[in-house]
Each structure stands twice: as C-alpha cells, then as structure tokens.
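Quick notes on the structure that follows.
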Amino acid sequence: MTVAQINYMALDTQDITNPGFLEQVNSLNPAQRQAVELTEGPLLVLAGAGTGKTRVLTTRLALILLSRRAWPSQVLAVTFTNKAAHEMRERVASLIGGPVEGLWLGTFHSICVRILRRHAELLKLQSSFTILDTDDQLRLIKQIMKAEEIDDKKFPPRVIASIISRWKDRALLPEKVSPPGSAFEKAAFHVYGLYQDRLKVLNAVDFGDLILLCLKLFTEHSDVLAQYTTQFHYILVDEYQDTNVAQYLWLRLLAQGSGNICCVGDDDQSIYGWRGAEVGNILRFEKDFPGATIVRLEQNYRSNAHILGAASGLIAQNASRFGKTLWTEQTGGEKVRIHGIWDGEEEARFIGDEVESLHRKGQSLNEMAILVRAGFQTREFEERFITLGVPYRVIGGPRFYERLEIRDALAYMRIVVQPYDSLAFERIVNTPKRGLGTSTLQTLHQYARMEQISLTEATVRLLETDELRGKAQAALQGLLYDISRWRKQLDTTRHGELARLILDESGYTAMWQADKSPEAPGRLENLKELVNAIDEFESLPLFLEHVSLVMENAKGTSSETVSVMTLHSAKGLEFNTVFLTGWEEGIFPHPRAMGEKGEAGLEEERRLAYVGLTRARERSIITFAANRRVHNQWQSSSPSRFIEELPAEHVEHLRLTNQSHAFIRRTPSPKLEAKEPLALPLIGKEFHVNQRIFHIKFGYGHITAIEGDKLEIDFDHTGTKKVMKGFVKGAE
C-alpha cells in the first residue's frame, strides 16, 4: 500500500476522523514509510538511536486498524515497559481519533498475565494467583533453604534467586536444567524444584514464571496455542534486541499463525546481556523468519552530525551487528569534547563548573545529564552539587512500593484478595504485634510444610485442635475473622475505603501513630498516598497486579534538576548536554564484563558507549581521570580504548602530553596530596625504551614500550603496567 493509496482510502471510506493521521503519514521519511506500508509478512525494522521508531510503530498500528485489516482484538503489540505501552496507546488513540478498545497492547509480562489468568486451571493454578515480587521471592527461597539445611552464608539466597531467574529467562523448568556444574548451581538446582512446588501450593508465580508458564501452556496445550495464533493477525514488538530466550520462543510460537510479525529494535543498543537479553535474537531474524524484509532507519532527528559521526565510528568496531550509519540533515554543531582530568575530585569540579556555566547561558538543568558506568562514581558529583547548591537527582533510588510501610500495607491487601498467599500472611501475622511467639510461628510453618498447604489453611486447621492456646489462639482467631470480614466487603465497599478500613481496623495505622521516631510521620503520609493511589483503580486486585508489574514511583519534581544516572538507566532518554564520565581502562569498558564474556562482553560495553553518546542532542563531553580511587584504593589510569576508537574528525581532544600543562593541578586538593603526593607531568622531555623512570605510586622501573601518550613500564616491585607518560619522571 502506497501513501497515495492511504490517502485515497481515507478520503473514500472516511475511516479517518482525525486528520492528524494523514499528516503524520505524509511527514514520514522514505524508510519510515516503507516500514509502515509493509504490513504483510515478517519485517525487521533496524531503528537507530533517535530515528523515530515509536512514530513508525504507532503509525503502522493505526494503519492496520484504519484499513480494517484487523480488529483491535486481532492485534498484539508488545513493549518492555509500562511507560512505553502507555505512550503507544495514547499516540494510536490520537491518530485514529479516539481510544482503542480490545487491543492487546502491553508489556510481555502483562500480556502473559492476561493469558495465564484465562487458562490457569490447565497449569494447576487458580486464576487469582499472586505475583511475587523480589522481596517475597527471596523470603520463600530463604524458608526452603532453612528447611533443607542449606547454609545461606555460603550460598546467599540472592545468588540462588539470580541463578533460578537466569534459568527461567532461558525457558528452563527444573526438569530441563542441564546437570549443574558449580556448587552454587547445585544448590540452586536443589532449591529450584522445591521452590516451584511451593509456589503451586501458595497459588503464586514470580516474574520469570509469567513467560515461562505461558510457554509451558502453549507447548503442552496445542489447542490453546492455536486459539491465539488464529486470533492474532498482526504482531508488533518494540525493543526486540532486549528479548531473552523465553520471550523469543514465546514470540516465535505466536507468529506461527499469520506470519505477520514486525519487530523493531537496534542491535547496536543491546546492552542488557547481564539480565538475560540475547543480541543473537535480532541478528538471526532472517533465519527465524524466511523471506523477512529488513528496513533500516538511519536518519537521526536528535543529535548533531559530530555526535552521530563519533558514535557511528565507535560502534563500527563491533563485528556482531547488521551495520548501519546514522546521519542527520543538521549542519554544524559542537564536536565531541574529550577532557583529561587529574582525579575524580577534579572531574566533579570541572563538570560542576560546566553545569553552572551552561545554566547561566540559559540551558535548563533538566536538559543536562551525567552518565556513569559504575554506581560508586556518583558520590563525588553529589558532594560537588551539594557544595555548589545545584539541584540534582540520582535516577534509580528507593522506590515508593519498596518502602517498609508500603510493603506491609500491600501484604494486608494481598491476603484479603488471595487467602493462599502465605508470604503475605507471614508478613502481617505479627505486625502490629499480636503476642505471637517464635514457637507459635514455627508450629504454623512446620504444619504447612508437612501438609503442603498454605499458612492460612494451616492456621485454620490448627485452631480446630489444642495445638494453639491462650493469647496466640485468640489473636489468630481474631485475625482470620478480620480477613474473612474484609474479604466479604471486596464487592460491596469502595476499594479505597476498604484499604483505609483494613489499615485502621488491623491496628497498623495506630502502630505508626504511636511510634515516636522521626520517620513515623512520613510513613503515615506514605500510607495516605497509598490509599489515594488505590482509589485510582477499578478494583483492589487490579491495583495489586499493577504494583506487581510496575513497582516504580511515578512521583516527579517541580524544580529543575541535573540527572545523575548509570549508562544503563539512560537508555531511551535524551538531553541537550551529556557528560560521559570515567572513560578509563579498568572502569569503562568494565573489566568484569570482559572477564565473564570475553569479546562478546567488550562488544556489549562498546554498545553501552554508543548508547551514552547518542543520548546527547547538542553537546557530548567525555572525561577521563589520570588517577581514581576505586574501592578505597588509588589507581593510575589510562584513557578508555573507546576514546581511541572515536573518529578524529568528530572529536576535540585536550590531551595529556609532555609539552602541555593541561593536567597540572591548578587547585590541589590538600586532603589528597597529604596522603598521595602524585607526580606532576614532566614538561619538555621525551622518553625512550629502556629508560629508567620513577612513578610516585609504583616506584622505579624501566620503559619496555611506547605507544603515543602511553608508556608500558616494567616496575621493580609492582610488575608491568601502562601509565600516561605525563605522570612519570626520569630517574636520576
């Protein structure tokens, strides 16, 4: 279908009530139009950073609906975040002139929840199953490890949970896991089967199960799979490069029907290998879907030509990629600036000064970001901004739904909605204090494990015997009576009001009102905010599902702030000015990434650098320090290899050379120099192989090789190291 045909169709059938659709179609560039018009058959859209992939996805989806190629219920659109799904839904509604009812649009997890609740009984679950968060998952694993006498000091539960999650990401149920090799894997394997059995008893699943059990449903019940492959005439997938094995297999099964699958992604932005993403999924698209068309979106609408030239030159060093070159119609613009800094403290001072200078020139603090590779790098920037009085925020801090009082309150809501939720019951059974001792709780757990039933059911049965007496018996009877009473009000009382009643009648609100600690007033305010949030949903179960799937605080800020975040957190964002800090060997690329994955790890680190560069619209500034304190140890650093890979015509260097004073500290730090009197750059001298030299940290040695500004030195006591030649001096 051509653009002319789209126009004719719209005018002839009057399917388009909002002229914005035609306007958008006609504003697409040739590659974008091709991606929108090719509605039939498998299609891979390689969408470079800032090339308008969301516009393509939403326009394509609107075209499918407006041309009546499919009803909304026959379209599956999958994203990775709730934010992306919400944005796509709003844009599509704008293009077609109203909300879309019946469209299967959401995250992988939310779509799978929808399917699993329909067919839960086929997997021996009830449709009201609970979705465990990370905290509950860890508590359950700890219980199993304790019962099985597995040392949680030797095998930390978080590590065990991580191994199990990795198996689930690879679509491996316990019976499909290969014989474990390491001691950690053996411990995790032992726990895995018991953990899955316990989840069934609790009528619960974790996040990994949502996709894994959906796969199990499809593979074991071909009639269910056929229902969905017949239903979905079109499948659209966003951020395909971030899919793991389980998500990949799930999509392949669903695409067996019509074959009309459109995946949008960028192999050059695959940076989540550490959490299971497989860049190979996007690289083998043509093999998985024979006859597939590949459309490259290369025209960038975000960054200036120098930023794009630097990013393209860098990522071209990777071998595992399709290959594309970003370009822009913009002319001029600043080159990527590379600044060498003496140490981390100087780096923070330099960036603080730059931020203030740009702000005085009229740039909003909201349009500036500092991107770091490792979390420890943020401290010095925070301290500097506090000193300067510059507002800032660290992205990725504690979340609203992870606070103690919110978790407790949610546990009360969960046990009312789903009485088999033992983890919720365990959390609230003695909060606030009900006079239950350790022996009572142990009796409940022991009986529940022995009979393979939930804690709630175990409590009911034990109350019919003489096992529980006195205060414990009265307290548990009262709690069960309250839970039953609240549960009966689910359909008759407004859910926000019910939540307030539960918190008040359980004594939880009173507990914090009686608390005299400085945190108590804030906790009470948070509980009020929770009730307000619940009121915004149609029902309490829907709210709990939302919390399980989202788990993030959408609370914003009204003032301008500089954003400080890791490179991974920056994906999908954009700013006028981006500071890329700590580009040094030993920090970026991260040695652990390369140590675990070798060349594949290095390529993922390079993709991470590419992502960082392409976050900037107008200005990208890279810094590296000659000295940095890492894990409370000073280390001398060399610039990252990625700096050398940036094309010279797109960058502006401030290099450390033996002819330059660039790295002499103009404002020495008394604290640093009192402890570590580092060598100053040697001015006006050249070096030669075999020359005897001195370095203040590593001592005496002799030069074995010279490469540009770097010297390879065999030190007498610390071995061979590479250092910048500005930080050594000839030995007398």
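With respect to the numbered conditions (1) surrounded by fewer than 17 Cβ atoms within 10 Å (Cβ to Cβ); (2) over 23 Å from ALA31 (Cα atoms), which one is the sole condition not fulfilled by THR325?
Failing condition for THR325: (2).
For segment 285-301, give me each residue that is closer than 24 Å to SER312 by Cα and not hydroxyl-bearing (Ser, Thr, Tyr). Outline the logic, then answer.
So the first thing to find is which residues in segment 285-301 are closer than 24 Å to SER312 by Cα, and the list is 285-286, 293-301.
Selection gives PHE285, GLU286, ILE294, VAL295, ARG296, LEU297, GLU298, GLN299, ASN300.
When you go through (1) within 19 Å of LEU423 (Cα to Cα); (2) open to solvent by 40 Å² or more (accessible area, probe 1.4 Å); (3) among the acidic types (Asp, Glu) one by one for GLU519, which number turns out not to apply?
Of (1) within 19 Å of LEU423 (Cα to Cα); (2) open to solvent by 40 Å² or more (accessible area, probe 1.4 Å); (3) among the acidic types (Asp, Glu), only one is false for GLU519: (1).
Being modelled with pLDDT of 85 or more and in a helix (DSSP H, G or I) is the filter here, so list the residues in segment 501-521 that pass it.
So the first thing to find is which residues in segment 501-521 are modelled with pLDDT of 85 or more, and the list is 501-513.
Hits for segment 501-521 are LEU501, ILE502, LEU503, ASP504, GLU505, TYR508, THR509, ALA510, MET511, TRP512, GLN513.
Based on what the data block shows, is LYS153 in a loop (DSSP other than H, G, I, E, B) and surrounded by fewer than 19 Cβ atoms within 10 Å (Cβ to Cβ)?
yes
Hey, among the residues in segment 313-362 that are touching a residue at least 40 places away in the same chain (Cβ under 8 Å) and polar (S, T, N, Q), which one's farthest from ALA625 (Cα to Cα)?
Only one residue fits best here, namely SER320.
Among (1) farther than 30 Å from GLU605 by Cα; (2) touching a strand residue (DSSP E or B) at 6+ places or on another chain (Cβ under 7 Å); (3) surrounded by fewer than 21 Cβ atoms within 10 Å (Cβ to Cβ), there is one condition ARG414 misses while meeting the rest; what is its number?
It fails just one condition, (3).
Would it be correct to say that ARG321 is among the basic types (Lys, Arg), over 27 Å from GLY265 (Cβ atoms) and in contact with a Lys or Arg (Cβ under 9 Å, 6 or more places away or on another chain)? Working first, answer last.
Values: among the basic types (Lys, Arg): yes; over 27 Å from GLY265 (Cβ atoms): no; in contact with a Lys or Arg (Cβ under 9 Å, 6 or more places away or on another chain): yes.
Answer is no for this residue.
Which one of these is among the hydroxyl-bearing types (Ser, Thr, Tyr), farther than 30 Å from PHE350 by Cβ and modelled with pLDDT under 85: SER558, SER548, SER539? Lay out the reasoning, then the answer.
Details: SER558 fails: farther than 30 Å from PHE350 by Cβ; SER539 fails: modelled with pLDDT under 85.
Going through SER558, SER548, SER539 in turn, the sole match is SER548.
Based on what the data block shows, is VAL295 among the β-branched types (Val, Ile, Thr) and open to solvent by 10 Å² or more (accessible area, probe 1.4 Å)?
no
Pairs only if they're at least six apart or on different chains, beta carbon under 9 angstrom, first in segment 112-123 and over 24 Å from THR81 (Cβ atoms), second basic (Lys, Arg) and open to solvent by 10 Å² or more (accessible area, probe 1.4 Å); list them, first residue then second.
LEU123/LYS200; LEU123/LYS216
Taking segment 175-188 on its own, how many of its residues are part of a helix (DSSP H, G or I) and either within 26 Å of the chain's Cα centre (by Cα) or among the small types (Gly, Ala, Ser) (or both)? Give the derivation first.
Filtering segment 175-188 for residues part of a helix (DSSP H, G or I) gives 175-176, 183-188.
Applying the additional criterion that residues be either within 26 Å of the chain's Cα centre (by Cα) or among the small types (Gly, Ala, Ser) (or both) yields 183-185, 187-188.
So the answer is 5.
Which members of segment 457-481 meet the condition of being of a type in the set (Val, Ile, Thr) and open to solvent by 20 Å² or more (accessible area, probe 1.4 Å)? Explain how you work it out, then say what you get.
Applying the first criterion (of a type in the set (Val, Ile, Thr)) to segment 457-481 yields 459-460, 465.
Selection gives VAL460, THR465.
Of all residues in segment 587-603, which are buried (at least 23 other Cβ atoms within 10 Å of the Cβ) and of a type in the set (D, E, K, R)?
Residue satisfying the conditions is GLU603 alone.
Would you check which residues across segment 117-130 are open to solvent by 10 Å² or more (accessible area, probe 1.4 Å) and closer than 16 Å to ARG198 by Cβ and list them? Talk me through it step by step, then tell me what you get.
Step one: filter segment 117-130 for residues open to solvent by 10 Å² or more (accessible area, probe 1.4 Å), giving 117-119, 121-128, 130.
LEU123, LYS124, LEU125, GLN126, THR130 - these are the residues of segment 117-130 that are open to solvent by 10 Å² or more (accessible area, probe 1.4 Å) and closer than 16 Å to ARG198 by Cβ.
Which residue, of ALA77, ALA85, is outside any helix (DSSP H, G or I), surrounded by 19 or more Cβ atoms within 10 Å (Cβ to Cβ) and touching a strand residue (DSSP E or B) at 6+ places or on another chain (Cβ under 6 Å)?
Criteria check complete, one pass: ALA77.
Looking at (1) open to solvent by 10 Å² or more (accessible area, probe 1.4 Å); (2) part of a loop (DSSP other than H, G, I, E, B); (3) of a type outside the set (Ser, Thr, Tyr), find the lone condition where ILE271 falls short.
Failing condition for ILE271: (1).
Could you give me the residue pairs with C-beta distances under 8 Å whose first residue belongs to segment 17-46 and is touching a residue at least 12 places away in the same chain (Cβ under 8 Å) and in a loop (DSSP other than H, G, I, E, B), whose second residue is open to solvent by 40 Å² or more (accessible area, probe 1.4 Å) and hydrophobic (A, V, I, L, M, F, W, C) wherever it lies, and which are 6+ apart or on separate chains?
Cβ pairs passing all conditions: THR39/MET1.
Return the pair list, or none, for Cβ contacts closer than 7 Å from residues in segment 272-288 that are closer than 17 Å to PHE80 by Cβ and free of Cβ contacts under 8 Å to residues at least 40 places away in the same chain to residues that are crowded, with 18+ Cβ neighbours inside 10 Å and small (Gly, Ala, Ser), at least 6 apart or on different chains.
ALA277/SER270
The values are calculated or read from the model by the stated rules, or taken from the named source; none is laboratory data. Predicted, not measured: the structure shown is a model, and the values here were computed from it. Here the Cβ is made from the backbone with ideal geometry for all residues, glycine too, and neighbour counts use every protein chain on show. Ligands, DNA and RNA are excluded from the accessible area calculation, which covers all protein heavy atoms including side chains. Shrake-Rupley method; radii C 1.70, N 1.55, O 1.52, S 1.80 Å.
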